[in-house]
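Bear in mind that the values in this text are calculations on the coordinates, not laboratory data. On a predicted model such as this, the values are computed, not experimentally measured, just so you know.
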């Protein structure tokens, strides 16, 4: 019985931080869209691999690569509007 309770307690300790992190990514920031929403928007501009996500002036700067491997940076304001897209060859 003690082993079962110890195993249950250990699994809860590991699961709760991961669940809290997932909820944080999905929850919109008080001043705008969530990280997950910003990444979805960036994917709509051709980003297939995300390498960096930064909160910037209430919005988001998403860096990654497109399907050809080219660098891509998408800046999104707090309302979900894309303010700039930069592609490097």
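Could you give the length gained by full extension between residue 52 and residue 70, i.e. 0.36 nm per residue of separation minus their alpha carbon distance, to one decimal place?
Taking residue 52 through residue 70 to full extension adds about 5.0 nm, to one decimal.
So between residue 87 and residue 45, what do we pick up on full extension, going 0.36 nm a residue minus the alpha carbon distance? Don't skip to the end; give the middle numbers.
Working: separation 42, 0.36 × 42 = 15.12 nm, distance 1.05 nm.
Additional length available on full extension: 14.1 nm.
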